[in-house]
Structures are given as structure tokens and as C-alpha cells.
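Novice: Handing you a structure now.
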Ligand code: UTP
């Protein structure tokens, strides 16, 4: 972008302060910054402080789940169907590990966090162990795609190399990077994180399939003949990956997607609930639910909106390709954003000082025409690590791992 054009663009969007920084740079620095400005999605930046521009929701209705007892009755059939698909190479797994894990507050990729007590047990190691349970049963390996971001890609790969992939065959593991998005202050002004760079952070976990496509990773998925992708978060150390029973039940249901869900611990639990929105599968976030929705009951007297998602989904690849270029809703999130001020001093704020923009995998569910809600036993499959202590923490996850016989 020519200098004049750059100035025009920045003026048009009220971002002249970036031009002042730009003028102080050498030619290479100017090129780098101009390239970043060129990629800015201004419609997203315009959402800062304007909640009304965000997602408009439709009418919610409950969606029933395939419950634990029903799954147990058909377990053998589901398991065989799932194992057949895995053995036929139709199932791949995608680990979403591009987040910054700010709540856990450690340096380095969240997956390299050591949750061991008497010995080293890393989060990534637990996930690989969980995957091994399935691959041993199936007698073949499941391709594992790991999404990272510019902020942690090098360290994540180095960590896996150093730990020899925890024994998983390297040729079945592929890394790809997600997109980055700029951050702004509460007035919508772009932050800078270096003299020649906007403050950029991973753009949420919803762009994973797009990123697979633009990085060429999708070609590997297709070359291997993978038809289903199991998406999962880095922080649930108890989750089953490429779970044959889940795969089998989803195939059997004829749905084009599936979501593992848990029964709510109490009606007010802060968890997104799988439901229908205008007749299509969708997830209603806990903060979007009215008192009426929270407490409504079905004909059996059970909570109607009872099944919370745990970020473990199955998606059919051909459907993912169909929706790939559909614009996803952007969420603005208040965060602590490190930045440099006009003097070039690096500031690490203690309190939220602006907005990040994210697209979320949970919004993908609404793009599918059907989704199997598949209930799992919470104590066996849900131990998320978000914080160091308290709810969803290293402490609570350790307790659950021990309950499940994992030595720490
Ligand atoms: P979280 O919503 O817990 O976000 O991510 P986070 O960034 O890891 O943690 P906080 O909020 O800063 O404490 C849920 C899952 O989505 C992935 C995370 O790595 C985690 O597996 N994720 C999140 C991405 O892959 N990319 C992102 O941009 C954000």
C-alpha cells in the first residue's frame, strides 16, 4: 500500500495515531506495518463498543440429547461403527491450541503446563495418552492436527520435539497456524505492540477450518481420505479423543455434526447449552439465557436446557467445506492488552484495557443442519483447566484425574 493510500485508510477509520508511528520507521518497518494495516477487517474494528452490531439471536427451543443410558444400551454397535470408521482412516482429530491461556497465566503454550505432583505430567502428554487409548483399541493411528498461533507455534513444536511427541508417531502429527486479529482500546483505536506492529492476537477458535484450508493442511486431510474431524480444546485433560462410541453414534444418527455434552451441575452453571435456534442446532451461552430459559422444564419434569457443551465436536468434512466461506459472527471481548504507548514504552495492564475480536467454534454448530447431542459422564470426561485454583483449575482437574486412576 502506498503511503498516501495508507494515510487515507487510517484517516477514514480514525486511526491517524498509527500513521505517526509509521512515519518514525525505516523502510522495512513501514512495509511490515503497512502490510498489517492492509489486512485489517474494518467492519470488525467498527464493532468495538457497539454491542448492537453483534450477533442477533433467533428463537431458542430445547434439543434433547442421546443420554448416557441409551448410549450404554447400544454401546457395542456404536463402538464397532466408530472403530470401523477409524480403521478405514475416515477420522482425524484437531487440537485447538492457539489460545493464550491468560487465565492460567503461565508463560509458554498452555499444553506445556506441568500438572504433575510427584512426576512430570504435561497437559499435552495427557491428551496424547487419551488418544493412545483409542489408537490401541483400533490398532491404527489417528491423524492429529494441532492448531497454534504466531504467539506459540515455535514453542509448541519445540516442546513436542523435545518430548518426542510423547511416543505418538510424528508422521501422524501436523501443526498449522491460525489467523491473528488486531486489538483496540475502549474507543476503538488500534493498539501497537511494537514500533512496527499492531497488537495482534489469535482470532478465536472458530477459524480453525479456514486456517486448515489456507495453510494447505486441508490437502493432507483430503489426501488421507478423512471424512470426519473431531475438534477438541487443549485444556480438558480427561477428554476422549476420536472416541469410537461418539463417532459411531454420530454416524448412526445421520447427523452432519455431533457435540459431546454434560448434564448441567446446576441450572445456573456457566456453560453454553446445546439447543435449537430457529429450528437449527445452536449453542446458547449462559449469559444469553433468560431466567425463563434457565428454569424451563420438559414433559418429564427435567431441565429443558440441560446439556452443556465441553468443546468436543465432530464435523463432517464435506459440510465444513460448504460453510467455509460463510462469514462467522465476531465476538468482542474485554481483555488486558499489552501495548506500546506513543513514547514506545511497553505497558502490561493489570485490568482490561480494550477489546479483542474473536470468532468461536461454538457458532459453527448453527451452520450445520443437524447435530447429535451426545451425553457423557462429567466426572469421566470433563476436567477443564482454565485457572490455577478454584473452579475449572489445575486443582480441580488434578482431583478428577486422580479419581480416574491417573497418577500425578
Ligand atoms: P479459551 O476460550 O479457554 O481461551 O479456549 P484461551 O485463550 O485458551 O484462555 P484464556 O481465556 O486466555 O484464559 C478454549 C480452547 O480454544 C483454543 C484454546 O487453546 C483452547 O483449547 N483457542 C482459543 C484457540 O485455539 N485459538 C484462540 O484464538 C482462542
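The values are calculated or read from the model by the stated rules, or taken from the named source; none is laboratory data. In this text, all values refer to a predicted model and were calculated from it rather than measured experimentally. Note that each Cβ is placed from the backbone with ideal geometry, even for glycine, and that neighbours are counted across all protein chains shown.
Novice: Among the residues in segment 122-132, are any surrounded by fewer than 22 Cβ atoms within 10 Å (Cβ to Cβ), more than 16 Å from the ligand (Cβ to nearest atom) and touching a residue at least 40 places away in the same chain (Cβ under 8 Å)?
Specialist: No, because not a single residue in segment 122-132 is surrounded by fewer than 22 Cβ atoms within 10 Å (Cβ to Cβ), more than 16 Å from the ligand (Cβ to nearest atom) and touching a residue at least 40 places away in the same chain (Cβ under 8 Å).
Novice: Moving on to the next point. Restricting attention to segment 362-374, and to residues there that are over 24 Å from residue 46 (Cβ atoms) and surrounded by 20 or more Cβ atoms within 10 Å (Cβ to Cβ), which single residue is farthest from the ligand (Cβ to nearest atom)?
Specialist: Just the residues of segment 362-374 that are over 24 Å from residue 46 (Cβ atoms), to begin with: 365, 368-374.
With the extra rule that they be surrounded by 20 or more Cβ atoms within 10 Å (Cβ to Cβ), the set shrinks to 365, 368, 371-374.
Values: 365: 15, 368: 19, 371: 19, 372: 21, 373: 20, 374: 19 Å.
The selected residue is 372.
Novice: May I pose another question? Search segment 71-99 for residues that are closer than 30 Å to residue 181 by Cβ and in contact (Cβ under 8 Å) with a residue 40 or more places away in the chain and pair each with any residue that is more than 16 Å from the ligand (Cβ to nearest atom) and in a helix (DSSP H, G or I) when their beta-carbon atoms are under 7 Å apart and the residues are at least 6 apart or on different chains.
Specialist: As it stands, the answer is 92/221, since those pairs meet every condition given.
Novice: Exactly one condition in (1) touching a residue at least 12 places away in the same chain (Cβ under 8 Å); (2) exposed (fewer than 14 other Cβ atoms within 10 Å of the Cβ); (3) more than 25 Å from residue 137 (Cβ to Cβ) is not met by residue 60; state its number.
Specialist: (2)
Novice: Only residues that are within 10 Å of the ligand (Cβ to nearest atom), touching a helix residue (DSSP H, G or I) at 6+ places or on another chain (Cβ under 6 Å) and not in a loop (DSSP other than H, G, I, E, B): list them for segment 95-121, please.
Specialist: Residues satisfying the conditions are 96, 111.
Novice: Conditions: (1) in contact (Cβ under 8 Å) with a residue 24 or more places away in the chain; (2) in contact with a strand residue (DSSP E or B) (Cβ under 7 Å, 6 or more places away or on another chain); (3) more than 16 Å from residue 358 (Cβ to Cβ). Residue 139 meets all but one. Number of the miss?
Specialist: (2)
Novice: Just checking: which of the strands (runs of 3 or more DSSP E) contained wholly in segment 230-346 hold 1 or more residues that are under 30 Å from residue 21 (Cβ atoms)?
Specialist: 331-335
Novice: Being within 16 Å of residue 398 (Cα to Cα) and at pLDDT below 95 is true for just one of 127, 104. Which residue is that? Steps first, please.
Specialist: Working: 127 fails: at pLDDT below 95.
Result: 104 is the single residue among 127, 104 that is within 16 Å of residue 398 (Cα to Cα) and at pLDDT below 95.
Novice: Let me ask another. Given the conditions (1) closer than 25 Å to residue 165 by Cα; (2) within 16 Å of the ligand (Cβ to nearest atom), and given that residue 218 satisfies all but one, which numbered condition is not satisfied?
Specialist: It is condition (2) that residue 218 fails.
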